[in-house]
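A short worksheet on the structure shown next.
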Amino acid sequence: MQYSFQSGVHPATLTTDCIVLGVYADKTLSQAAQLVDEASAGALQNHLAIGDFTGEKNTNSMLYAVKNVTSPRVLLVGLGDKAKFTVDSLNNATRTAANVLKKANLTQVSSFLIQELASEHYALAVRHSLLTLGDVFYTFNAYKSKPETAPNLNQWNLAQTETWEGELALQQGLAIQRGNYLARDLGNAPGNVCTPTYLAQKAQELANSHSTVQLTVLEESDMEDLGMGSFMSVSKGSDQPGKMIVLHYQGASAEAAPVVLVGKGITFDTGGISIKPALAMDEMKYDMSGAASVLGSFQACVEMQLPLNVVMIIAAAENMPSGRASKPGDIVTSMSGKTIEILNTDAEGRLVLCDALTYAERFKPAAVVDVATLTGACITALGHHTSGLLSNNDALAAELWSAGQQADDEVWRLPMNDKYQEQLKSNFADMANIGGPAGGTITAACFLSRFTESYPWAHLDIAGVAWKSGAAKGSTGRPVPLLTQWLLNRVAAA
Ligand code: BES
Ligand code: MN
Ligand code: ZN
């Protein structure tokens with residue numbers, strides 16, 4: 001799909017295959033619809049008077065050959081209650097229009113929906129539209145011998161009757177959409193393709209195409225030398241070599257403290273010796289979704305040329321049972337020097353992340369955010385709509401919460417205090433890698449918090465939101481919308 005921005009245009013005189021106009025639930029016309037109604041001597045009001053289409057949300061009505069309108073089609077989309085119109089309503093209307101037009105016999109449309117948010121939110125509306133449209137039009141055909149047929153529609157114009165300089169918003173929105181697509185493509189790629197080596201290649205491709213980006217890959221021997229015994233305790237069970245993939249983007253002065261994004265990159269999680277049951281185990285190819293989302297967000301940040309320094313670290317390994325795999329009861333020493341009793345080899349995410357978090361100290365970060373499909377308990381707690389947020393810093397937690405609200409990529413903070421820390425007590429080492437069945441998302445974060453004491457840190461548990469199961473099985477590319485919104489907000493606040 002090609003996207004462009006059209007500003008200061010009259011919907012009745014646009015040469016295109018279809019114009020998309022919003023109507024509110026009380027049959028109130030949007031500004032663009034009003035213009036078309038006037039040009040057509042009341043054709044839209046006449047249509048609404050029939051009563052079949054009233055502007056309720058998730059409804060639409062196609063009009064053909066409207067008098068004095070150049071475009072042969074006018075798609076009216078319900079916006080719902082005007083008083084309750086939000087970003088969510090905009091996204092609903094955009095999704096409704098896209099789903100109708102995807103199946104239609106046309107190639108080009110101009111949609112006037114972004115104008116329904118207040119003018120100070122136009123840039124946000126553009127970014128939302130590109131993510132929603134990106135979601136509707138996303139396909140993953142790389143492994144099908146006959147790809148599904150593409151829709152005829154190939155050009156979507158975001159249009160405004162007013163004059164507004166929207167090019168920057170369009171370019172930023174497209175960079176975020178591409179970041180989201182990168183995260184989805186990596187998530188959906190099968191475990192036999194998307195290995196730690198493959199993730200390192202993708203990072204290499206990004207570094208090759210941008211002079212502002214530098215790549216460092218720590219190989220297993222480097223990690224041994226650094227004392228990353230915790231990471232290695234997971235990686236050593238697999239024939240695929242583990243990698244710590246580090247990308248640096250310099251968008252600000254060299255002295256400016258960077259933001260560090262850390263991703264869990266378990267390219268397949270069998271559980272190891274504490275092996276998982278067979279049902280839906282294929283979905284554990286998505287256990288690198290944290291890594292995919294930080295790489296996608298990093299790419300978007302680089303393409304937007306944000307004036308920030310950003311470091312991205314992916315802890316990439318495969319969690320396998322083998323003769324070389326860790327066993328329950330094994331004790332390992334992390335890079336921090338702290339010892340860990342591995343009571344369950346399926347709690348591997350925290351084992352690879354803790355060494356990445358210790359490694360992050362050397363960048364003297366302004367803030368560190370790690371993203372991980374860390375616990376099934378997070379799905380029990382928050383379901384499939386909201387990511388878990390745990391942090392040692394109230395200001396950082398608040399920033400992430402509001403970015404999630406703005407981006408419609410929501411997070412909810414869970415508590416993390418010393419009472420929970422006690423659950424990690426081990427009889428034989430400094431800590432155990434599990435905290436028992438109660439509060440599993442919290443005790444996982446408590447484990448990570450022991451490696452993040454020297455900087456502001458937040459942890460996002462995306463176990464419930466990173467992918468969809470069932471008939472619509474596929475990666476969501478979350479939380480790229482949240483992370484990119486947060487980075488944009490930090491730029492605006494600087
Ligand atoms: N990758 C899983 C968490 C997960 C499970 C995410 C299902 C999404 C769907 C993680 O490595 C894991 O296995 N966690 C264990 C921790 C337990 C052993 C303390 C879990 O959640 O069961
Ligand atoms: Mn696991
Ligand atoms: Zn896992």
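Every residue in segment 208-233 that is of a type in the set (A, V, I, L, M, F, W, C) and under 24 Å from the mean Cα position of the chain (by Cα), please.
First, the residues of segment 208-233 that are of a type in the set (A, V, I, L, M, F, W, C): 213, 215, 217-218, 223, 226, 228, 231-232.
If the condition is that a residue be of a type in the set (A, V, I, L, M, F, W, C) and under 24 Å from the mean Cα position of the chain (by Cα), then Val213, Leu215, Val217 are the ones that fit.
Evaluate the following for Gln405: is it polar (S, T, N, Q), assigned by TED's automatic domain parsing to the domain that holds Leu206, away from ligand 1 (no atom under 15 Å from the Cβ) and part of a loop (DSSP other than H, G, I, E, B)? Spell out how you get there, then give the answer.
On the way: polar (S, T, N, Q): yes; assigned by TED's automatic domain parsing to the domain that holds Leu206: yes; away from ligand 1 (no atom under 15 Å from the Cβ): yes; part of a loop (DSSP other than H, G, I, E, B): no.
No; evaluated as a whole, the condition is false for this residue.
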request  = Could you grab the pairs with beta carbons closer than 7 Å, sequence gap of 6+ or different chains, first residue in segment 301-316 and under 15 Å from His248 (Cβ atoms), second one part of a strand (DSSP E or B) and among the polar types (S, T, N, Q)?
outcome  = Asn309/Gln250
Given (1) within 16 Å of ligand 2 (Cβ to nearest atom); (2) within 14 Å of Thr443 (Cα to Cα); (3) not in a loop (DSSP other than H, G, I, E, B), index of the condition Val352 fails = (2)
query = Restricting to segment 318-340, what's the tally of residues that are surrounded by 15 or more Cβ atoms within 10 Å (Cβ to Cβ), outside any strand (DSSP E or B) and within 16 Å of ligand 2 (Cβ to nearest atom)?
reply = 5
message = Which numbered condition in (1) in a loop (DSSP other than H, G, I, E, B); (2) of a type in the set (S, T, N, Q); (3) within 16 Å of ligand 2 (Cβ to nearest atom) is the only one that Ser289 fails?
response = (1)
ask   = Can you spot a residue in segment 242-259 that is part of a loop (DSSP other than H, G, I, E, B), within 24 Å of Ile331 (Cα to Cα) and within 16 Å of ligand 2 (Cβ to nearest atom)?
value = yes
request  = Select, from Val234, Val213, the only residue that is assigned by TED's automatic domain parsing to the domain that holds Ser454, away from ligand 2 (no atom under 16 Å from the Cβ) and β-branched (Val, Ile, Thr).
outcome  = Val213
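Determine, yes or no, whether Met244 is more than 24 Å from the chain's Cα centre (by Cα) and either in the same structural domain as Ala432 (by TED's automatic domain parsing) or more than 20 Å from Val294 (Cβ to Cβ) (or both). Let's see the steps before the verdict.
Values: more than 24 Å from the chain's Cα centre (by Cα): no; either in the same structural domain as Ala432 (by TED's automatic domain parsing) or more than 20 Å from Val294 (Cβ to Cβ) (or both): yes.
Considered against the rule, which asks whether it is more than 24 Å from the chain's Cα centre (by Cα) and either in the same structural domain as Ala432 (by TED's automatic domain parsing) or more than 20 Å from Val294 (Cβ to Cβ) (or both), Met244 comes out as no.
Can you find a residue that is under 28 Å from Leu400 (Cα atoms) and away from ligand 1 (no atom under 16 Å from the Cβ) anywhere in segment 275-293?
Within segment 275-293, the subset under 28 Å from Leu400 (Cα atoms) is 283-293.
Filter once more, keeping what is away from ligand 1 (no atom under 16 Å from the Cβ): none.
No: segment 275-293 contains no residue that is under 28 Å from Leu400 (Cα atoms) and away from ligand 1 (no atom under 16 Å from the Cβ).
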message = Quick test for you: out of Thr345, Thr339, pick the one residue that is within 13 Å of ligand 1 (Cβ to nearest atom) and more than 27 Å from the chain's Cα centre (by Cα).
response = Thr345
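The values are calculated or read from the model by the stated rules, or taken from the named source; none is laboratory data. If you're wondering where the values come from, they're calculated on a predicted model, not measured in any experiment. When we count neighbours, we look across all protein chains shown, and the Cβ atoms used for this are built from the backbone with ideal geometry, even at glycine.
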